[in-house]
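> Pasting a structure below so you can have a look.
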Amino acid sequence: MAVAWTQGVGSVKGGVKWLRLRFCGPDLVLLLVLAALQYPLWLGTGSWWNVATLHRKVVERQALLSRLKARNDRLAAEVAGLQGGDGAVAGLARRHLGMIRKGEIFVWVIHAHRVTATNTSSSTS
């Protein structure tokens, strides 16, 4: 690439000399080769943009994986408790099915905020 300072009447504007670049055939070829080599780094499959996207997806998947592992640990503990004895089965039956033993009295406690929410929804419809 040839660099030449232009001389003449219009070469100095505001105290700054203008630099004029003249490109030859080999210069253009080298510039095109450089652009072709830079394309995959910026826009190809291994580009910084693609890597950043993949990194974000990995972080999201790791968060999902940790939540699923915690859920699996809770379920495994519940299965171990159910296999271990009748107390866990009876506790689940009491909690989810409302079962009671002989001599017990069933008491159902309704929370106040749930009552007001159901009353307001039934009165508006």
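> If I ask for residues that are of a type outside the set (Gly, Ala, Ser) and modelled with pLDDT under 80, which ones from segment 76-88 would you list? Spell out how you get there, then give the answer.
Restricting attention to segment 76-88, the residues satisfying the condition of being of a type outside the set (Gly, Ala, Ser) are 78-79, 82-83, 86.
Across segment 76-88, the qualifying residue is only Asp86.
> Right, next: Any idea which of His96, His55 is at pLDDT 80 or above, part of a helix (DSSP H, G or I) and under 30 Å from Ala36 (Cβ atoms)?
Step by step, each of His96, His55 is checked, and only His55 is at pLDDT 80 or above, part of a helix (DSSP H, G or I) and under 30 Å from Ala36 (Cβ atoms).
> Follow-up question, since we're still on this one. Exactly one of (1) at pLDDT 55 or above; (2) surrounded by fewer than 10 Cβ atoms within 10 Å (Cβ to Cβ); (3) not acidic (Asp, Glu) is unmet by Gly8. Its number?
If we test Gly8 against (1) at pLDDT 55 or above; (2) surrounded by fewer than 10 Cβ atoms within 10 Å (Cβ to Cβ); (3) not acidic (Asp, Glu), just (1) comes out false.
The values are calculated or read from the model by the stated rules, or taken from the named source; none is laboratory data. Small disclaimer: the values here were computed from a predicted structure and weren't measured. No Cβ is skipped: glycine too gets one built from the backbone with ideal geometry, and neighbour counts run over all protein chains shown.
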